[in-house]
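**Q** Quick one: the structure is below, questions incoming.
The values are calculated or read from the model by the stated rules, or taken from the named source; none is laboratory data. All values derive from a computational prediction rather than experimental measurement. All Cβ positions, glycine included, derive from the backbone under ideal geometry; neighbour counts span all protein chains shown. Heads up: the accessible areas ignore ligands, DNA and RNA and are worked out on the full protein's heavy atoms, side chains in. Shrake-Rupley method; radii C 1.70, N 1.55, O 1.52, S 1.80 Å.
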Amino acid sequence: MPRVTEQHRATRRAEIINAAARLFATNGFHATAMADIISDAGLSAGAVYRYFRSKEELIAAVAEEALTAADETFRDLLADGAAPAPEHALAIIITTIDTRIGRHPGTGLDLTRIGVQVWAEALRSPDVALRVNQVYRRLRGNFAEIARRRPGLAGADPEQVGAAMLALVQGYVLQRLLMTGTDTTGYLAGVTALLATEDGRRE
């Protein structure tokens, strides 16, 4: 019997995640059953359940897929001891949302739509809430590290600054989805003006 390779498993897992993402983005979590995902993926039930035991696991996997781009962007921002300005870091992360999450290259979907559904699902499902808590603590920790490295923020609590920076990103995601005419350039101009007190540039 041919041996199943790691590449084969990774490909099969990605196919299932992509099928789930398509259905979640179009129909929402509650209107999507595991049977729908199995059918869309073109696999047997056994094959799908070999990788994911429940819809909650798939919800978490799709959310992680969306956040992979953010993790990679933070790695680049913080590489080699870099200390990017907060407004620069926010601009890069928000641009990443537009180019790599809002138009996800693997699925062609706007995965921010799924992200907002995950927030709501976390209020209902303890399993999803646990995963969401871990993910957003990681993101907040990355923003806190940016604050920690900035001389102009001396005396500020990096964790508090990180929480505020994450809130600006989450606010952008919501406005982008819920308010027509939300303009990325304009939003970033507002963020820059708001943060321009760093290093005493504006009183």
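**Q** For I59, all conditions in the list (1) modelled with pLDDT under 90; (2) crowded, with 19+ Cβ neighbours inside 10 Å; (3) part of a loop (DSSP other than H, G, I, E, B) hold save one; what is the number of the exception?
**A** (3)
**Q** To continue, here is another question. Only one residue in A89, A85 is surrounded by fewer than 18 Cβ atoms within 10 Å (Cβ to Cβ), touching a residue at least 40 places away in the same chain (Cβ under 8 Å) and under 22 Å from L153 (Cβ atoms), so which one is that?
**A** Result of the check over A89, A85: A85.
**Q** Return the pair list, or none, for Cβ contacts closer than 9 Å from residues in region 117-143 that are within 21 Å of Q160 (Cβ to Cβ) to residues that are crowded, with 16+ Cβ neighbours inside 10 Å and among the charged types (D, E, K, R), at least 6 apart or on different chains.
**A** Listed pairs, sorted by first residue: V132/E121.
**Q** Being farther than 22 Å from D80 by Cα and open to solvent by 40 Å² or more (accessible area, probe 1.4 Å) is true for just one of L188, L177. Which residue is that? If you could, list the steps in order and put the result at the bottom.
**A** Details: L188 fails: open to solvent by 40 Å² or more (accessible area, probe 1.4 Å).
Being farther than 22 Å from D80 by Cα and open to solvent by 40 Å² or more (accessible area, probe 1.4 Å) holds for just one of L188, L177, which is L177.
Matching residues to (1) at negative phi; (2) open to solvent by less than 60 Å² (accessible area, probe 1.4 Å); (3) part of a helix (DSSP H, G or I):
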{"position": "A14", "(1), (2), (3)": "yes, yes, yes"}
{"position": "H30", "(1), (2), (3)": "yes, no, no"}
{"position": "A35", "(1), (2), (3)": "yes, no, yes"}
{"position": "A47", "(1), (2), (3)": "yes, yes, yes"}
{"position": "A63", "(1), (2), (3)": "yes, yes, yes"}
{"position": "A69", "(1), (2), (3)": "yes, yes, yes"}
{"position": "T96", "(1), (2), (3)": "yes, yes, yes"}
{"position": "T99", "(1), (2), (3)": "yes, no, yes"}
{"position": "H104", "(1), (2), (3)": "yes, yes, no"}
